[in-house]
Every structure is written in C-alpha cells, then in structure tokens.
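Report on the structure given below.
Every number here is computed from the coordinates shown, using simple stated rules; none is lab data. Quick caveat, the model's predicted, so the values are computed rather than measured. Note that we place each Cβ from the backbone using ideal geometry, even for glycine, and neighbour counts take in every protein chain shown.
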C-alpha cells in the first residue's frame, strides 16, 4: 500500500471500499420471485471511551471566567496521550487482533498514509511510522480492514486529544459484513445467491438474522475489542452501541 508524505503532495482522497464489503452488495438482487428486496446488510458497532489522566482548562478571569464558572462554558479537556502515542497503542491493539491492513491514516485532516490498491498487506506498522515523523497534532483518524470470528469488517478509530468538556475523545467503530452472507469456498455465484436469498426471503427471517448479527457484534465489541483497548489505554468509562443498516 502506497504512502503519502508529506500530505499536501497526496492525490485527492478517495476511499476504496474493500472487496469483502462490496461482495455482499451485488448478489442479493433487487426484488423478484426468489430474491429479497435488500441489497446489503451491514452491522455497525461502536465503542466510545473516556480516558483517565486528563486535564481541564478554563478561563479564570473576566466575563469568560464568570461564564466558565457559572455555566461551564469555554472549558476544554486535554487527554494524556499524544497523537503519536495513541497511534502506537492502537497499532498494538489492532495487530494483536490480526487487523493490521491499513486503509487510511489522517492527522489533523492531512492524509499521512493511504491504500492505493497495490495489495500490500500487514502495513499498519509502516503507516504509523509516517505519523511518528510529524509534530504532535490534535486529531487522528485510522482505518483498517480485517476478520473477526463473525464478521469481515472495516475498523475506524478516531481520537481528539484536546476537545470540549462534554465530548468523548475516542471512538472505535466496526462496520461488518457477516461471514455467512459472503461466498463460501467452492460455492458458485448461483449457489451463493440462492443460499442468501433463502436466508432473507421473509420479514421474519430478516428480523431473526438482524437480531443474530447485532448480538454477535455486541459480543465481539464487549469480549474481543474492549478488553484489548482497556489493556492499551487507561479507561475511565466506556459505552457500546450496535445498529444494523439494511438497504
């Protein structure tokens, strides 16, 4: 996967969705006697977290100081991890889970590393190295792809070191296509289409499948991802949410 450094010389950004996500979008049909109406089913999970060790800054004089004291305005929070430290820790989390194929890395809106489709794998360490050469920064976005027991997923992590007091600094998002929606080894396109069509042939079946996918995503966030994140970062609180997108 090609890198871009410095960012101003990068070509205009264009996200290329990995084939594993697109595979689930063109085989289900668009209605008809033996095909469901849905063309994609994506299960989206999210972990938001607040870290320990932060500092709070607020004006202490004048009108701004009064508004800060009385109304909580103009307060900001700074997290203990620099962008570079955050990325190194995130790399350990994701590499430990076997999810180390980088898609995109941004620091303060500048593209530091991007997948240009040359199919080099396991390049997360290389991507993080390019960010380490920059001055600290405040906000970073990292996306990788990989597999878990139940899904093939795009993982997106976002971190903002200095932020408003009521904002969570960290989010971890998993956008997954369930493995049983993908083509099995040795399965023809027609067999794949018929199997998936049977799975989604009625509202009752779709509801059952969606419920199962949501439960699986919540389990992976709670039992697979969150423990790893908690080992890498000192977490004060966290929250998990799951939703399903059908289209």
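So if R0 is 41 Å, what FRET efficiency would residue 188 and residue 125 give, r being the distance between their Cβ atoms, rounded to the nearest 0.05? Provide the component values of the computation, followed by the final result.
Details: r = 38 Å, r/R0 = 0.93.
FRET efficiency, residue 188 to residue 125: 0.60.
The C-alpha atoms of segment 160-219 occupy a region whose extents along the principal axes are 53, 27, 16 Å, arranged from largest to smallest.
At a Förster radius of 22 Å, what calculated FRET efficiency corresponds to the Cβ-Cβ distance of residue 197 and residue 245, to the nearest 0.05? Plugging the Cβ-Cβ distance into 1/(1 + (r/R0)^6) gives 0.70. Measuring r between the beta carbons of residue 224 and residue 63 and using R0 = 35 Å, the FRET efficiency lands at 0.10.
Shape of segment 99-168 from the C-alpha gyration tensor: oblate (a/c of 1.5 or more and a/b not above b/c, with a ≥ b ≥ c the square roots of its eigenvalues). With N counted as the residues of segment 94-247, its alpha-carbon radius of gyration over 2.2 N^0.38 Å works out to 1.21.
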